[in-house]
Every structure is written in structure tokens, then in C-alpha cells.
1. Considering only residues of the range 147-169 that are polar (S, T, N, Q) and over 15 Å from ALA82 (Cβ atoms), which is modelled with the lowest pLDDT?
2. Hey, any hits in the range 96-109 for a residue that's at pLDDT 90 or above and out of contact with any Phe, Trp or Tyr (no Cβ under 6 Å at 6 or more places or on another chain)?
3. Since VAL21 meets every condition but one in (1) within 16 Å of the chain's Cα centre (by Cα); (2) at pLDDT 90 or above, which condition does it not meet?
4. Report the residue count in the range 56-83 for those that are at negative phi and open to solvent by less than 40 Å² (accessible area, probe 1.4 Å).
5. Within the range 31-47, can one find any residue that is at pLDDT 80 or above, out of contact with any strand residue (DSSP E or B) (no Cβ under 6 Å at 6 or more places or on another chain) and at negative phi?
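The values are calculated or read from the model by the stated rules, or taken from the named source; none is laboratory data. Predicted, not measured: the structure shown is a model, and the values here were computed from it. All Cβ positions, glycine included, derive from the backbone under ideal geometry; neighbour counts span all protein chains shown. Surface accessibility is based on the protein's heavy atoms, side chains included, excluding ligands, DNA and RNA. Shrake-Rupley method; radii C 1.70, N 1.55, O 1.52, S 1.80 Å.
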Amino acid sequence: MQARSDLMKTLDQLSEYVDTVADGDENIIVLSQFVPTKGSASDQPSPTQLNGIVISHPSSGVLQVECGKQDQVQSYICIITAGAPIPSSFNINEAGQLFIGPSTVPGNTETGTGPVTGTNPFAAILDFNPSRKKTIIGLTPGTTYYFVFIGINASGVSQFSTPVAAICT
């Protein structure tokens with residue numbers, strides 16, 4: 001009986017999250033990797049925009065990036081792009097590829113609801129490891145990489161952090 005009660009509570013939290021925070025937007029749900037917590041979503045504030053991003057170069061083709069800690073954040077997602085920062089409008093297809101917003105994806109007539117089916121993905125690495133410390137390997141020396149962090153908790157998703165750039169050595 002306790003397992004059923006726990007499951008119902010988790011489903012209620014997910015429903016509240018989808019209705020109030022994500023507004024049914026698949027991209028937000030995918031990026032957030034919803035993690036249920038004890039209590040209702042209203043027990044804690046949504047995360048604020050993350051800052052304090054520091055990048056180091058431990059070896060050739062490797063960058064380490066760390067985001068400043070924020071008490072209410074349960075999971076830190078990092079989006080890494082090469083050559084240009086992530087655009088402010090994008091979609092994610094079923095393969096996890098980022099696409100620039102609907103108006104710039106050839107052949108796409110969708111309004112942003114559902115997966116984008118265009119043919120030009122915006123190259124990016126999505127690091128869903130919940131840690132605020134990331135090690136990115138296999139990068140191309142001489143290429144500029146941009147890092148953006150997102151904070152997640154049961155109440156919501158933070159705004160993207162300001163992009164921080166580093167040239168891989």
C-alpha cells in the first residue's frame with residue numbers, strides 16, 4: 001500500500017510540473033530530466049539563473065567546466081556548442097539533436113510543439129550528469145567551445161546561464 005501511495009505522489013508531482021512549469025513543452029521536460037522530490041513543487045522556489053562558471057584545460061582535447069553551486073538546484077545540465085553560443089530559440093528532436101528555432105529550419109512548418117523534423121541540426125553536446133562539475137573529452141584543439149548551464153528542481157528550470165567560452169588546447 002505504501003508503494004502505491006508513493007507512486008501516486010510522484011505522478012501528482014510530475015503532473016503539476018508538466019502543467020505549471022513546462023506547460024507541456026517536450027523540450028523543457030527533456031532538458032530538465034524531471035526528478036521527483038519529497039513534498040510538493042511549491043515547497044521550494046524555482047532555480048534562478050546560474051553563474052560562477054569556471055573553465056580549466058587539464059590536457060589536450062579536454063575541458064573541465066564547473067558551475068557555481070546553488071542551494072535549491074538538484075541537477076545541473078550543461079549544453080556545449082562549438083564555434084557559436086547556443087541560439088535563444090531551439091528545439092530538440094527525438095535523437096537529442098538541437099535545432100535552431102522553427103523559422104530557420106528548412107521545411108519545418110511546426111510552431112514549436114513537438115519534435116522538429118528539419119535536416120540541419122545545431123551541433124551541441126548535452127551533459128545530463130546532475131553534477132555541477134563536467135569534464136568534456138574528445139574536443140578539437142583550436143576550437144572555441146561555449147558552455148551554458150541550466151539548474152533544475154521539482155519546481156522548475158532556471159534560465160540559461162550567460163554563455164562562457166574557452167578555446168580548447
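1. Looking at residues that are polar (S, T, N, Q) and over 15 Å from ALA82 (Cβ atoms), I get SER155.
2. Just the residues of the range 96-109 that are at pLDDT 90 or above, to begin with: none.
No, the range 96-109 has no match at all.
3. (2)
4. First, the residues of the range 56-83 that are at negative phi: 56-60, 62-82.
In the following step, the residues that additionally are open to solvent by less than 40 Å² (accessible area, probe 1.4 Å) were identified as 62-63, 65, 67-68, 70, 73, 75-81.
Total meeting the criteria: 14.
5. First, pick out the residues of the range 31-47 that are at pLDDT 80 or above: 45-47.
From what's left, out of contact with any strand residue (DSSP E or B) (no Cβ under 6 Å at 6 or more places or on another chain): 45.
The next check asks that each one be at negative phi; those that pass are 45.
The answer is yes, given that some residue of the range 31-47 is at pLDDT 80 or above, out of contact with any strand residue (DSSP E or B) (no Cβ under 6 Å at 6 or more places or on another chain) and at negative phi.
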